[in-house]
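Chemist: If you scroll down you'll find the structure; I have some questions about it.
The values are calculated or read from the model by the stated rules, or taken from the named source; none is laboratory data. From a predicted model like this one, the values you see are computed outputs, not experimental measurements. Cβ sites come from the backbone with ideal geometry, for glycine too, and all protein chains shown count toward neighbours.
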Amino acid sequence: MELSKITATFKESVIREMTRVANQHPGCINLAQGFPDFPAPESIKQAAIEAIQANINQYAITWGSETLRTAIAKKVAKYNNMKWVDKDLNIVVCCGSTECMISAMKAGVNPGDEVIIFSPFYENYGPDCLLSGATPKYIKLNPPDWTFDFDELENLFTTKTKAIILNTPNNPTGKVFSEKEIKFIADLCIKYDAIAITDEIYEHIIYDNNKHLSIASLDEMQDNSITINSISKTYSLTGWRVGWTIASEKITSEIKKVHDFLTVGAPAPLQEAAAFALSLDYDYYSWLRDFYTKARDTLYNALKETDLQPIKPQGAYYIMTNCEKYMEKHDLKTSTELALYLIKNIGIATVPGSSFYASGKDGETQTRFCFCKKPETLNEAKRKLEKLAI
Ligand SMILES: Cc1ncc(COP(=O)(O)O)c(C=O)c1O
């Protein structure tokens, strides 16, 4: 029996594979998968317990509880300068950004369309395109500053281009797209009537003087954007599966339909607790930034002393490294060999660079470390890396 031709082309997640191998090596620190090893804020957990006890345990309104949609509209007006967002017309609450992305693609893209993706990329975007019948087209972010060639991007846009996926702050590079870059992308979207689908789940995890800009805050982009976010990263709640899309009324009504048929709704009591999370004041976001700045610096400084040369991230909680020298010394040929070698010999799990590119050979000298971990975990990683000091 022939099963789906599309899923036959999908590979198993490399991140999960690294986690599996790491678990076979006692004492190995998992800096592969991007989830925190510390508890979520007590007050948010309490809000979920109270919602369950208040009997909010049945289906919420398909496109999201009114409390949460109200909180989302209020928050994006305050932090993202998106004052146009109406809780009833422009928001769909989904099961995490992951469902938001596939719902956005299914709602906006037709088979035969082209979708532009910055490379390296978060691993779901390619499969989401293929599930929508679209053809992914890749534009390279060039290390170490992860800039892209404006002409190359312009040349990729054609009448077939239906969407461009923008992830800022970016996983895996830590790039925060500049205002100039975002305006350039916006101009191309308007010119070709394409949609910018932006994944902004790391918006509050940002360092130094970098600033997050939502493309949907540009007036001309309200009808040509789908903004995606979730509580996973900002509130350390990756297991709750609550996210949302923000788009024009026309696009939103299509996303509502896809979401309804895919999952019906996100967990009802957790939506109430998410609404509470979104109402936290500026102090929380400022604490989060400080916490992750310290975590970034611990790991970055430790890597800097080794042949696993880190590229300092501007946002998100990952560090990409250039390991050419290290690989030469240890006669390692591929990024997967490198990642397995680091698990077995150093006791740290990372994600091979090749898994972030469509053509594996592009990331073969890179590996990605994540640092959404408590100080004890990162200090332990630091001690392990000290053995590699040059
Ligand atoms: C860029 C990016 N988008 C989306 C996700 C998944 O988010 P969610 O938990 O909201 O589905 C991740 C998780 O690592 C990510 O890095």
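One line per residue, one yes/no per condition, for (1) surrounded by 15 or more Cβ atoms within 10 Å (Cβ to Cβ); (2) closer than 30 Å to residue 162 by Cα:
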{"site": "248", "(1), (2)": "yes, yes"}
{"site": "294", "(1), (2)": "no, no"}
{"site": "298", "(1), (2)": "yes, no"}
{"site": "310", "(1), (2)": "yes, no"}
{"site": "332", "(1), (2)": "yes, no"}
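Chemist: Let me ask something else about it. If residue 117 passes every condition in (1) within 16 Å of the ligand (Cβ to nearest atom); (2) over 17 Å from residue 215 (Cα atoms); (3) in a strand (DSSP E or B) but one, which one does it miss?
Modeler: The one condition residue 117 does not meet is (2).
Chemist: Same structure again: How about segment 150-190: which of its residues are within 16 Å of the ligand (Cβ to nearest atom), within 21 Å of residue 315 (Cα to Cα) and touching a helix residue (DSSP H, G or I) at 6+ places or on another chain (Cβ under 7 Å)?
Modeler: Result: 164, 165, 166, 172.
Chemist: Collect the residues in segment 239-262 that are over 30 Å from residue 186 (Cα atoms) and either small (Gly, Ala, Ser) or within 12 Å of the ligand (Cβ to nearest atom) (or both), keeping them in residue-number order.
Modeler: 239, 240
Chemist: Exactly one of (1) exposed (fewer than 11 other Cβ atoms within 10 Å of the Cβ); (2) at positive phi; (3) not aromatic (Phe, Trp, Tyr) is unmet by residue 5. Its number?
Modeler: (2)
Chemist: Further question: What do you reckon, is residue 73 in the same structural domain as residue 217 (by TED's automatic domain parsing), in contact with a Lys or Arg (Cβ under 9 Å, 6 or more places away or on another chain) and either at negative phi or among the aliphatic types (A, V, I, L, M) (or both)?
Modeler: It is true that residue 73 is in the same structural domain as residue 217 (by TED's automatic domain parsing), in contact with a Lys or Arg (Cβ under 9 Å, 6 or more places away or on another chain) and either at negative phi or among the aliphatic types (A, V, I, L, M) (or both).
Chemist: Within segment 344-375, track down each residue that is in a helix (DSSP H, G or I), more than 17 Å from the chain's Cα centre (by Cα) and crowded, with 22+ Cβ neighbours inside 10 Å.
Modeler: Of everything in segment 344-375, those that are in a helix (DSSP H, G or I), more than 17 Å from the chain's Cα centre (by Cα) and crowded, with 22+ Cβ neighbours inside 10 Å turn out to be 354, 363.
Chemist: While we're on this one: Can you go through 284, 202, 207 and tell me which one is among the aromatic types (Phe, Trp, Tyr), under 21 Å from residue 315 (Cβ atoms) and in contact with a helix residue (DSSP H, G or I) (Cβ under 8 Å, 6 or more places away or on another chain)?
Modeler: The unique qualifying residue is 207.
Chemist: Filter segment 134-152 down to residues that are in a strand (DSSP E or B) and of a type in the set (D, E, K, R) and give me whichever is surrounded by the fewest Cβ atoms within 10 Å (Cβ to Cβ). Can you show your working first?
Modeler: From segment 134-152, those in a strand (DSSP E or B) are 135-140, 142, 147; that's our starting set.
Then drop every residue that is not of a type in the set (D, E, K, R), which leaves 137, 140.
Working: 137: 19, 140: 16.
Among them, the one singled out is 140.
Chemist: In addition: For segment 77-96, give me each residue that is away from the ligand (no atom under 16 Å from the Cβ) and either among the β-branched types (Val, Ile, Thr) or not in a loop (DSSP other than H, G, I, E, B) (or both).
Modeler: Correct list: 77, 78, 79, 85.
Chemist: Still on this structure, I have one more. Condition first: farther than 20 Å from residue 103 by Cα and among the hydroxyl-bearing types (Ser, Thr, Tyr). Now tell me which residues in segment 53-73 satisfy that.
Modeler: 67, 70, listed by residue number.
Chemist: Residue pairs, Cβ under 8 Å, 6 or more apart or interchain, first in segment 89-110 and at negative phi, second among the acidic types (Asp, Glu) and crowded, with 22+ Cβ neighbours inside 10 Å. List them.
Modeler: Once the first residue is at negative phi and sits in segment 89-110, its partners that are among the acidic types (Asp, Glu) and crowded, with 22+ Cβ neighbours inside 10 Å give 97/199; 101/128; 101/199; 102/128; 105/128.
Chemist: Among the candidates 135, 62, 147, 67, single out the residue that is away from the ligand (no atom under 16 Å from the Cβ), in the same structural domain as residue 236 (by TED's automatic domain parsing) and touching a Cys at 6+ places or on another chain (Cβ under 8 Å).
Modeler: Answer to the selection: 135.
Chemist: Follow-up. Among the charged types (D, E, K, R), more than 19 Å from residue 90 (Cα to Cα) and free of Cβ contacts under 8 Å to residues at least 40 places away in the same chain, is that true of residue 208?
Modeler: no
Chemist: So which pairs qualify, if the first residue must be in segment 41-57 and among the hydroxyl-bearing types (Ser, Thr, Tyr), the second must be assigned to a helix (DSSP H, G or I), the Cβ gap must be under 9 Å, and the two must be at least 6 apart or on different chains?
Modeler: Close Cβ pairs (under 9 Å, with a partner that is assigned to a helix (DSSP H, G or I)) amount to 43/276; 43/277.
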